[in-house]
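The values are calculated or read from the model by the stated rules, or taken from the named source; none is laboratory data. Keep in mind it's a predicted model, so treat the numbers as computed, not measured. So basically every Cβ, Gly included, is an ideal-geometry build from the backbone, and we count neighbours across all protein chains shown. Surface accessibility is based on the protein's heavy atoms, side chains included, excluding ligands, DNA and RNA. Shrake-Rupley method; radii C 1.70, N 1.55, O 1.52, S 1.80 Å.
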Amino acid sequence: MQKNIAIPPLTEDLKGVLIDADTIARRVSELALQINSDYQGIKEPLILVGVLKGSFIFLSDLCRKLTVPHVIDFISVSSYGKASQSTGNVRLLMDTRENQAGHHVLIVEDILDSGYTLDYLKRNFTTREPKSVKTIVLLDKPERHVVPVQLDYVGFTVPDVWVVGYGLDYAETYRTLPYIAELDIEEIKRKEGK
Ligand code: PRP
């Protein structure tokens with residue numbers, strides 16, 4: 001049994017922990033159980049497509065709890081640039097490598113915000129003749145939805161605050177925090193003189 005695991009302390013730019021590491025781990029296990037049950041007996045391996053970069057920790061934890069046959073793939077898209085609001089113009093930066101034809105596909109996302117990214121990916125993958133395309137997101141932010149997207153698995157619903165940690169970043173910082181925290185965006189803007 002591991003003891004004294006260091007949990008990075010909250011910095012002054014973080015308002016507080018929204019979802020702690022134990023709660024995340026429990027929910028990931030529940031989601032994996034559900035997926036194992038839903039895909040039981042599949043002939044071809046399930047293709048898990050992680051959307052870079054934010055999904056990489058969620059995908060890593062989730063896939064290690066799966067008992068159904070599966071393979072890992074990644075895709076990279078961008079719709080934000082440096083803005084905090086999605087432009088709605090999703091660009092494909094790096095495509096997947098697995099052939100999706102005849103396979104069940106599960107798109108793994110860290111967060112659903114406007115919905116532009118998942119809407120684009122679902123439509124794009126559907127043209128590749130998969131058996132099915134489903135979606136799993138760790139966090140859903142309903143107040144920010146612009147495009148309706150059907151979610152098949154959701155970890156947590158979160159309010160409209162800037163969340164970081166467990167894969168999610170602010171300017172590439174905080175991705176490796178083991179918990180989900182709320183960023184003090186006003187404090188950061190004040191420091192940046194905005
Ligand atoms: C974030 C997040 C999702 C997307 C969700 O990615 O990881 O992929 O935005 O937003 P949407 O629902 O408004 O489309 P981001 O572009 O910030 O890149 P990152 O994952 O590399 O941080």
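Which pairs do you get when a residue that is farther than 17 Å from residue 8 by Cβ, found in region 168-193, comes within reach of a residue that is of a type outside the set (S, T, N, Q) and part of a loop (DSSP other than H, G, I, E, B), reach meaning Cβ atoms under 6 angstrom, with the pair 6+ apart or on two chains?
Going by the 6 Å Cβ cut-off, the qualifying pairs are 185/162; 187/13; 188/13.
For residue 92, are the conditions met, namely being at pLDDT 95 or above and either in contact with a Ser or Thr (Cβ under 9 Å, 6 or more places away or on another chain) or more than 10 Å from the ligand (Cβ to nearest atom) (or both)?
Against the criterion (at pLDDT 95 or above and either in contact with a Ser or Thr (Cβ under 9 Å, 6 or more places away or on another chain) or more than 10 Å from the ligand (Cβ to nearest atom) (or both)), residue 92 qualifies.
This table checks each residue for (1) assigned to a strand (DSSP E or B); (2) under 15 Å from residue 134 (Cα atoms); (3) in contact (Cβ under 8 Å) with a residue 60 or more places away in the chain; (4) away from the ligand (no atom under 16 Å from the Cβ).
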| residue | (1), (2), (3), (4) |
| --- | --- |
| 31 | no, yes, yes, yes |
| 37 | no, yes, no, yes |
| 41 | no, no, no, yes |
| 51 | yes, yes, yes, no |
| 57 | no, no, yes, no |
| 68 | no, no, no, yes |
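Scan (1) in contact (Cβ under 8 Å) with a residue 60 or more places away in the chain; (2) in a loop (DSSP other than H, G, I, E, B) for the single condition residue 150 breaks and write down its number.
The failed condition is (1).
Quick grid of which residues meet (1) farther than 17 Å from residue 175 by Cβ; (2) among the charged types (D, E, K, R):
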| position | (1), (2) |
| --- | --- |
| 34 | yes, no |
| 44 | yes, yes |
| 50 | no, no |
| 108 | no, no |
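What's the number of the condition residue 89 fails, among (1) in a loop (DSSP other than H, G, I, E, B); (2) closer than 21 Å to residue 29 by Cβ?
(2)
Within region 108-123, identify whether any single residue is free of Cβ contacts under 8 Å to residues at least 24 places away in the same chain and either in contact with a Ser or Thr (Cβ under 8 Å, 6 or more places away or on another chain) or open to solvent by 20 Å² or more (accessible area, probe 1.4 Å) (or both), and answer yes or no.
Within region 108-123, one or more residues are free of Cβ contacts under 8 Å to residues at least 24 places away in the same chain and either in contact with a Ser or Thr (Cβ under 8 Å, 6 or more places away or on another chain) or open to solvent by 20 Å² or more (accessible area, probe 1.4 Å) (or both).
Suppose the filter is surrounded by fewer than 17 Cβ atoms within 10 Å (Cβ to Cβ) and within 19 Å of residue 60 (Cα to Cα); does residue 132 pass it?
In short, no.
Within region 163-174, identify whether any single residue is more than 13 Å from the ligand (Cβ to nearest atom) and either open to solvent by 30 Å² or more (accessible area, probe 1.4 Å) or in contact with a His (Cβ under 9 Å, 6 or more places away or on another chain) (or both), and answer yes or no.
no
Among the candidates 133, 161, 137, 154, single out the residue that is within 27 Å of residue 47 (Cβ to Cβ) and more than 14 Å from the chain's Cα centre (by Cα).
Sole residue among the options that is within 27 Å of residue 47 (Cβ to Cβ) and more than 14 Å from the chain's Cα centre (by Cα): 133.
Tell me which residues, restricted to region 104-144, are over 15 Å from residue 55 (Cα atoms), of a type in the set (D, E, K, R), part of a loop (DSSP other than H, G, I, E, B) and within 10 Å of the ligand (Cβ to nearest atom).
Result: 141, single match.
So, residue 41, is that one among the small types (Gly, Ala, Ser), modelled with pLDDT of 95 or more and open to solvent by less than 20 Å² (accessible area, probe 1.4 Å) or not?
no
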